[in-house]
Amino acid sequence: MNPLHPLFRLALGSAATMSVLTACPRYTPPPMGPNLTFTFPAITDTTNVIIAAVAFEQQADETYKPKVVAQNPIGYSQGGPSNTTASLYYWGDAIGSLPNNAKCTTPFITGEASGKQEVTVTPNTVKTCNVYFSVYRDSNRNGTPESGEELYITHDIYSYASEAFSYRYVYAKDGNISTETGNRTQGWSVVRHQVLQPSATPGRYQITMNSVPAEDLGIAMRMHEDSNFFTSQSLTGGHK
């Protein structure tokens, strides 16, 4: 083709434009975590109030150190200003490394089930890492919820499991006997906490901690003042 031909110049110009466009780095959106929503009692003063997702890393002395993996200030929700709802989203990069973090992902049977009685886990090789949620007032502005700063919590969790599993164990304290059972899916899932107290067996609580299906992720988690995991949410002959 004649290099002076208009079509040649047009093709050359298009090629140059394409090379410029392809040379520019493409925008990479942040990795998506689940878009989780939360409700809680109204907070009149939202100054320095934050909702946080927190994992715990086991230390050499067998204590646990909190690791904040996501947080947002209270006072603004996706739907607009709010002091009773909050969301966590775009936090996939923060949780992506946790499954390979040996300080967080530990054997269920010696981790979550440690200190419990009548423990059965199938399969017993499963490892888990849990993320917990807290609404707190960051009084010292260090970006980490500490004792005395928490306003509301939830016993629902976001949990990683190395494989699908089921379990059962018993926890006895203060004259109460709580039996916890659960089924979790492989990978990450929201795990809902429910407690039953059958009227026929006072002082005996039945706890379930099951992974919810993906289509239920949009159901808001209800946060509340701190309460006993093994006996809270109980109603005689029912649940809430």
Since GLY143 meets every condition but one in (1) small (Gly, Ala, Ser); (2) at negative phi; (3) open to solvent by less than 70 Å² (accessible area, probe 1.4 Å), which condition does it not meet? (2)
Those residues that are among the aromatic types (Phe, Trp, Tyr), outside any loop (DSSP other than H, G, I, E, B) and at pLDDT 75 or above, I need them from segment 6-46; list them, please. PHE38
Select, from SER134, SER139, SER82, the only residue that is among the hydroxyl-bearing types (Ser, Thr, Tyr) and free of Cβ contacts under 8 Å to residues at least 60 places away in the same chain. SER82
Contact list, first residue from segment 170-197 and on the phi > 0 side of the Ramachandran plot, second anywhere and part of a loop (DSSP other than H, G, I, E, B) and of a type in the set (Gly, Ala, Ser), beta-carbon distance below 7 Å, six or more apart or interchain, is GLY175/GLY203
Take the conditions modelled with pLDDT of 90 or more, of a type outside the set (Asp, Glu) and under 27 Å from PHE108 (Cβ atoms) and apply them to VAL49. Does it pass? no
Members of segment 146-171 that are exposed (fewer than 15 other Cβ atoms within 10 Å of the Cβ) and either modelled with pLDDT under 95 or small (Gly, Ala, Ser) (or both): GLU146, SER147, GLY148, SER166
Those residues of segment 149-194 which are over 16 Å from the mean Cα position of the chain (by Cα), hydrophobic (A, V, I, L, M, F, W, C) and in a strand (DSSP E or B), in sequence order: LEU151, PHE165, VAL170, ALA172, ILE177
Give segment 42-64 a look and list any residue that's over 13 Å from the mean Cα position of the chain (by Cα) and touching a residue at least 24 places away in the same chain (Cβ under 8 Å), or say none. ALA42, ILE43, THR44, THR46, THR47, ASN48, VAL49, ILE50, GLU57, GLN58, GLN59
Against the condition at pLDDT 95 or above and open to solvent by 20 Å² or more (accessible area, probe 1.4 Å), how does THR122 come out, does it pass? yes
Against the condition within 13 Å of TYR158 (Cα to Cα), in contact with a Cys (Cβ under 7 Å, 6 or more places away or on another chain) and at pLDDT 90 or above, how does ALA70 come out, does it pass? no
Verdict on PHE108 being buried (at least 20 other Cβ atoms within 10 Å of the Cβ), without any contact (Cβ under 8 Å) to a residue 60 or more places away in the chain and either in contact with a Gly (Cβ under 6 Å, 6 or more places away or on another chain) or within 25 Å of LEU217 (Cα to Cα) (or both): yes
When segment 125-140 is checked residue by residue, the ones that are of a type in the set (Phe, Trp, Tyr) and buried (at least 20 other Cβ atoms within 10 Å of the Cβ) are PHE133, TYR136
Quick one: count up the residues across segment 179-209 that are of a type in the set (Gly, Ala, Ser), within 21 Å of SER159 (Cβ to Cβ) and surrounded by fewer than 18 Cβ atoms within 10 Å (Cβ to Cβ). 1
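The values are calculated or read from the model by the stated rules, or taken from the named source; none is laboratory data. Computed from a predicted model, the values in this text were never measured in an experiment. Using ideal geometry, Cβ is built from the backbone for each residue, glycine included, and neighbour counts are taken over all protein chains shown. For the accessible areas, the whole protein counts, side chains as well, though only heavy atoms, and no ligand, DNA or RNA atoms are used. Shrake-Rupley method; radii C 1.70, N 1.55, O 1.52, S 1.80 Å.
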